[in-house]
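Structure, as structure tokens:
The values are calculated or read from the model by the stated rules, or taken from the named source; none is laboratory data. Predicted model, so just to flag it, every value in this text is computed and none were measured. Every residue, glycine as well, gets a Cβ built from its backbone with ideal geometry; the counts of neighbours run over all protein chains shown. We work out accessible area using only protein heavy atoms, side chains counted, and drop any ligands, DNA or RNA first. Shrake-Rupley method; radii C 1.70, N 1.55, O 1.52, S 1.80 Å.
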Amino acid sequence: MIYSESLQELIKEFKKMPGIGEKNAQRLAFYVLQISNEQAQKLSMAIINLKTRIRYCSICSNLTEVDPCAICHNPSRDHSLICVVEDPKALIAIEKTGQYKGVYHVLMGTLSPLDNIGPDDIRIKELMTRVEKNDVKEVIMGTSPNMEGETTSLYIARLLSPLGIKITRLARGVPIGTDIEYADEITLLNALEGRTKF
Amino acid sequence: MPLQETQALVLRTDNLGEADKIVTLFSPQTGKIKGVANGARRPKSRFGSSLEVLSYIRVVYFAQPKGLHRLNQTDLVDYFPKIRVELPKLAAALYLVDLVNSLTEQEDSNPDLFNLLLYNLKIINQGNFEPVLLRIFEIRALTVLGFAPQFEKCTICKKRLDFLQKNVYNILCGGILCLECAKDKGGISLSCGSINFLKQAVKIDLDKIGRLKLSANQAQEVKQLLHQHILYNIKQEINSYRFLEKL
Ligand SMILES: [Zn+2]
Ligand SMILES: [Zn+2]
């Protein structure tokens, strides 16, 4: 064994993290080795606090330290407008725009018929209950424009349509900062179909 | 590392690492192949939206000896956009690609199966989707792969089957039995109409399959028989079939 047991242990844990290979895990472990005890305490406490304090919001499934989350709890948000997203990362991305005033519903996954991920495996039932029990006027489909995302939004739209609620989805268009000539034909086609008035 | 070029249908994609995809393709020349598309999940990837499941593409790849090739360039031929906006069509099309993926081995060329799949995706994209199309696809796919059940003779006693009376499909025997042999074995009972439909569905020209019809009762029998027979051959559930059944 080249490394001592405790060093090996830490390298092993780092390697489980996304995008971290053997080399990077070693670098991180050696970094931890040279920080002060105080710093090491802080790091480990941060991890433990995260795991003990953070839970899922009982209304929207967003990550939160208080239940309901700050968005669901906020009276100045429009609670009749729900944006459906796949995971908390998507919620954060939309929230960063600072322009959305409605609330969210986090599905915690997408439907994937090829992988046997069905309606009961993600939080669709919770969305339906929420919509039926509250005065919801519009549901925005904020799922990704890929096969799983499309399947998910088509499935939810089908469940919602008898309820007479307005169902919309995010426009698909040409990414800002790119040249039109490099956009692929499907993106351009969608952008043409979803064109807006000047 | 020879450079290959082929047309292909995308059967499935799996994420690899942070930004790559492993893509399972079905090509008329090489059959099912798998390839890595580096950076395919990045927004400005050179693969664009061509590597989505159900896309019909032209692909250039570096063939690797171990069977996981490296995709170099792709062009979209057809995206079947109308399949992707209607749930019954999307679920049906996903079942077709899933079935082809489940029934085939890698690098086993079968141009007939490719043409069958492509033709059916085009039909689903263009017209109204009818479940009878799935049954025709199933029996034809089983036939071109050499897995189809025999309709001429009883699987056990080899006696010619009498099509004026009901016969029985028995999963343990993997085939159709005469009433005598089925007595103590049981199974799915098949009307003459259902068996005739299956024989027709195999023989008829592809562009005439729209003419084949099934009564509600026959549809149920045929669906059960083919599903049992597929499970008998591949020995596992087909994920997308469950989704289709839940709609
Ligand atoms: Zn919440
Ligand atoms: Zn017999």
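Observations, loosely collected:
- Of all the residues in the stretch A:13-53, those that are of a type in the set (Val, Ile, Thr) and open to solvent by 60 Å² or more (accessible area, probe 1.4 Å) number 3.
- Entry remark, the stretch B:1-34: residues being polar (S, T, N, Q) and within 17 Å of residue B:75 (Cα to Cα) number 6 in total.
- Contacts under 8 angstrom Cβ, first residue in the stretch A:159-175 being more than 22 Å from residue A:190 (Cβ to Cβ), partner in a loop (DSSP other than H, G, I, E, B), 6 or more apart: A:165/A:136; A:165/A:137
- Test: residue in the stretch B:10-25 that is part of a helix (DSSP H, G or I) and either open to solvent by less than 30 Å² (accessible area, probe 1.4 Å) or touching a residue at least 40 places away in the same chain (Cβ under 8 Å) (or both): no
- In the stretch A:47-84, the residue that is farthest from ligand 1 (Cβ to nearest atom) out of those that are β-branched (Val, Ile, Thr) and in contact (Cβ under 8 Å) with a residue 12 or more places away in the chain is A:84.
- Boolean, residue A:181 is of a type in the set (Asp, Glu) and either in contact (Cβ under 8 Å) with a residue 12 or more places away in the chain or surrounded by 12 or more Cβ atoms within 10 Å (Cβ to Cβ) (or both): no
- Test: residue in the stretch B:177-187 that is open to solvent by less than 30 Å² (accessible area, probe 1.4 Å) and of a type in the set (D, E, K, R): no
- Conditions (1) assigned to a loop (DSSP other than H, G, I, E, B); (2) more than 9 Å from chain A (Cβ to nearest Cβ); (3) in contact (Cβ under 8 Å) with a residue 24 or more places away in the chain; number of the one not met by residue B:47: (2)
- Of all residues assigned to the stretch B:131-140, at least one qualifies as being more than 14 Å from every other protein chain (Cβ to nearest Cβ), over 15 Å from residue B:200 (Cα atoms) and more than 16 Å from ligand 1 (Cβ to nearest atom).
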